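Participant: Okay, handing you the structure first.
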Amino acid sequence: MDQGENEVLTRTDRGTPCGELMRRYWQPAALSEELPAGGPPLPVRLLGEDLVMFRDGRGRPGLLGVHCSHRGADLSYGRLEDGGLRCIYHGWLYDIEGRCLDQPGEPGGGEHRDAIRQPAYPCREKSGVIFAYMGPGEPPLLPHYDWLTVPDDHVAPAKLFSECNYLQGNEGNIDIFHNNYLHFMKRDLSAMSETEVQGIRDRFGDVERVSGRGPSPGTERTHAQLLDLGIRICKVRRMDAERSYIRAATFVLPSMTVIPGGSINWHVPIDDTHHWKYIITFSREKALDKETATMRASEWAPAPDYRPLVGKANRYGQDRSLMQDQVYCGIDYPNPIQDLCVVEGAGRVQDRTNEHLVESDVPVVASRKVLMKAIRDVQEGIDPPHVIRDPEANRFPQIVATFGVIPSATPWQDHLEQLVSEGQGWQTLATR
Ligand code: FES
Ligand SMILES: [Fe+2]
């Protein structure tokens, strides 16, 4: 990749090629818990723009440019009153659509106040996430992902502040091979029941590969398949002559990846050198024990700022004494912290001109091509893929997130297509 391409894919300010692509999709802008009813306005920085989120008198979320149209004061210090957000400098009042409802210093409350339009972006709230659309024209439909169609108590959303460009975080999900190393935890097999050991044997082929490190050389292949909405990612590990272990995920434009086990990672640019990693867990079948699910995240990235408790400043809590026989990477924290070490470690914006990509990076390369093509679509004035306007097209059975053992004679593509045709491609917590 040359420097020009790297800049195209990583810069997301308004007017940049990727910034214009990102603005064609609904993006998570905040968690509902950040904006409780009656709570203060929330400063939000998104895609390089400084904004303020608030709830109007009817509880509806709104997202406005942070600088008041009058003389630029910061509206996040504003008063919530008369159904809208009132600037504390001279009292101008705004609604969630950016209309100026009152200019109290002017005769008649401002005879020309209708000429004022504070920058405003439409919001939608579902499953504990507030989404915003920051693009031109009529917003598309909010995608009916499965986690946005179940009751709110089936979903546990969390977020993690990340000090690097969104693309690094996003590519970390698509880079499915790294699980074998970065997240490898040596299991104490002697403490397990025979059934548990058998389960590991079924899943990984033999226990030595689990209690050793990663796959045996040459036994695993990583694949990518282009879809309309992104790419399907699959790794296949030959266990023996008859059986293969597979693990499949789906990258969905512009920056979401669906991971086996009911988890979704969505990387939203704050600006070019920071992003939010939204981590969403859900179940189709049952309410989640939210306390457990969100506590897990709040232990290592607590509200209100969702900064990780271990990070670059304290070397991500790495304990080298664990590396020999317990935690491969020495970072005895959940996967998102281990991921953070390696994606932030590549620099604020990774220099991709220095990479040496190999066969297991095929999905990463494919994802860049899909993004580049989508950017060109926007430049040519057409909707990029996965901008949904037809309600009939607002369903996504082609998303797969699964793992398991299949007969080695069955091509992985056929196996996944079979799951899709049965409506079983996307396995969540309760079905795994
Ligand atoms: S700067 Fe906001 S009302 Fe004057
Ligand atoms: Fe990871």
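Participant: Can you tell me which residues in the stretch 42-95 are closer than 30 Å to residue 11 by Cα and aliphatic (A, V, I, L, M)?
Facilitator: Within the stretch 42-95, 42, 44, 46, 47, 51, 52, 53, 63, 64, 66, 73, 75 qualify.
Participant: Can you tell me which residues in the stretch 68-98 are open to solvent by 50 Å² or more (accessible area, probe 1.4 Å), of a type in the set (Phe, Trp, Tyr) and either on the phi > 0 side of the Ramachandran plot or more than 6 Å from ligand 1 (Cβ to nearest atom) (or both)?
Facilitator: Listed by number, the list holds a single entry, 77.
Participant: Can you name every residue in the stretch 101-119 that is buried (at least 16 other Cβ atoms within 10 Å of the Cβ), more than 9 Å from ligand 1 (Cβ to nearest atom) and not in a helix (DSSP H, G or I)? I'd like the intermediate steps shown before the answer.
Facilitator: Going residue by residue through the stretch 101-119, those that are buried (at least 16 other Cβ atoms within 10 Å of the Cβ) are 101-103, 110, 113, 116, 118.
Then drop every residue that is not more than 9 Å from ligand 1 (Cβ to nearest atom), which leaves 101-102, 110, 113, 116, 118.
Of everything in the stretch 101-119, those that are buried (at least 16 other Cβ atoms within 10 Å of the Cβ), more than 9 Å from ligand 1 (Cβ to nearest atom) and not in a helix (DSSP H, G or I) turn out to be 101, 102, 110, 116, 118.
Participant: Provide a single number: the residues in the stretch 381-417 that are of a type outside the set (Asp, Glu) and part of a loop (DSSP other than H, G, I, E, B).
Facilitator: Taking the stretch 381-417 first, the residues of a type outside the set (Asp, Glu) are 381-382, 384-389, 391, 393-413, 415-416.
Okay, now just the ones that are also part of a loop (DSSP other than H, G, I, E, B), so 381-382, 384-389, 394-400, 408-411.
Final tally of qualifying residues: 19.
Participant: Looking only at residues in the stretch 141-185 that are assigned to a loop (DSSP other than H, G, I, E, B) and open to solvent by less than 10 Å² (accessible area, probe 1.4 Å), which one is nearest to ligand 2 (Cβ to nearest atom)?
Facilitator: In this case the residue turns out to be 164.
Participant: Could you say whether any residue in the stretch 316-335 is in contact (Cβ under 8 Å) with a residue 24 or more places away in the chain and closer than 19 Å to residue 174 by Cβ?
Facilitator: First pass over the stretch 316-335, keeping only residues in contact (Cβ under 8 Å) with a residue 24 or more places away in the chain: 316, 325-329, 333-335.
Add one more test, that the residue is closer than 19 Å to residue 174 by Cβ, and what stays is 335.
Yes, the stretch 316-335 contains a residue that is in contact (Cβ under 8 Å) with a residue 24 or more places away in the chain and closer than 19 Å to residue 174 by Cβ.
Participant: All but one of (1) out of contact with any Cys (no Cβ under 9 Å at 6 or more places or on another chain); (2) surrounded by fewer than 19 Cβ atoms within 10 Å (Cβ to Cβ) hold for residue 312; which doesn't?
Facilitator: Result: residue 312 passes all but (1).
Participant: Let me ask something additional. Residue 38 is checked against (1) modelled with pLDDT of 95 or more; (2) more than 16 Å from ligand 1 (Cβ to nearest atom); (3) outside any helix (DSSP H, G or I); (4) not polar (S, T, N, Q) and fails just one. What number does that condition carry?
Facilitator: Exception for residue 38: condition (1).
Participant: Something else about it: Across the stretch 35-44, what is the total count of residues that are out of contact with any helix residue (DSSP H, G or I) (no Cβ under 8 Å at 6 or more places or on another chain) and within 17 Å of residue 118 (Cβ to Cβ)?
Facilitator: 1
Participant: Which of the residues that make up the stretch 4-40 are among the β-branched types (Val, Ile, Thr) and open to solvent by 10 Å² or more (accessible area, probe 1.4 Å)?
Facilitator: Within the stretch 4-40, the subset among the β-branched types (Val, Ile, Thr) is 8, 10, 12, 16.
Residues satisfying the conditions are 8, 16.
Participant: Six or more apart or on different chains, Cβ atoms under 7 Å: show the pairs whose first residue is in the stretch 14-28 and closer than 16 Å to residue 4 by Cα and modelled with pLDDT of 95 or more and whose second is open to solvent by less than 10 Å² (accessible area, probe 1.4 Å) and of a type outside the set (Ser, Thr, Tyr).
Facilitator: Between residues of the stretch 14-28 that are closer than 16 Å to residue 4 by Cα and modelled with pLDDT of 95 or more and residues that are open to solvent by less than 10 Å² (accessible area, probe 1.4 Å) and of a type outside the set (Ser, Thr, Tyr), the close pairs are 17/375; 18/9; 18/375; 19/47.
Participant: Answer yes if at least one residue in the stretch 368-380 is more than 19 Å from residue 256 (Cβ to Cβ), modelled with pLDDT under 95 and open to solvent by 50 Å² or more (accessible area, probe 1.4 Å), and no otherwise. Please lay out each step first, then the result.
Facilitator: Kept after step one, since they are more than 19 Å from residue 256 (Cβ to Cβ), are these residues of the stretch 368-380: 376, 379-380.
From what's left, modelled with pLDDT under 95: none.
Within the stretch 368-380, not a single residue is more than 19 Å from residue 256 (Cβ to Cβ), modelled with pLDDT under 95 and open to solvent by 50 Å² or more (accessible area, probe 1.4 Å).
Participant: Here is a further query. Determine, yes or no, whether residue 420 is surrounded by 13 or more Cβ atoms within 10 Å (Cβ to Cβ) and either touching a Lys or Arg at 6+ places or on another chain (Cβ under 6 Å) or in a loop (DSSP other than H, G, I, E, B) (or both). Spell out the reasoning first.
Facilitator: On the way: surrounded by 13 or more Cβ atoms within 10 Å (Cβ to Cβ): yes; either touching a Lys or Arg at 6+ places or on another chain (Cβ under 6 Å) or in a loop (DSSP other than H, G, I, E, B) (or both): no.
Taking the combined requirement at face value, the residue does not satisfy it.
Participant: Something else now. Determine whether residue 342 is assigned to a helix (DSSP H, G or I), within 14 Å of ligand 2 (Cβ to nearest atom), under 19 Å from residue 265 (Cα atoms) and open to solvent by 40 Å² or more (accessible area, probe 1.4 Å). Outline the logic, then answer.
Facilitator: Working: assigned to a helix (DSSP H, G or I): yes; within 14 Å of ligand 2 (Cβ to nearest atom): yes; under 19 Å from residue 265 (Cα atoms): yes; open to solvent by 40 Å² or more (accessible area, probe 1.4 Å): yes.
Against the criterion (assigned to a helix (DSSP H, G or I), within 14 Å of ligand 2 (Cβ to nearest atom), under 19 Å from residue 265 (Cα atoms) and open to solvent by 40 Å² or more (accessible area, probe 1.4 Å)), residue 342 qualifies.
The values are calculated or read from the model by the stated rules, or taken from the named source; none is laboratory data. This is a predicted model, so every value here is computed, not measured. So basically every Cβ, Gly included, is an ideal-geometry build from the backbone, and we count neighbours across all protein chains shown. Accessible surface is based on the protein model in full, side chains and every heavy atom, while ligands, DNA and RNA are left aside. Shrake-Rupley method; radii C 1.70, N 1.55, O 1.52, S 1.80 Å.
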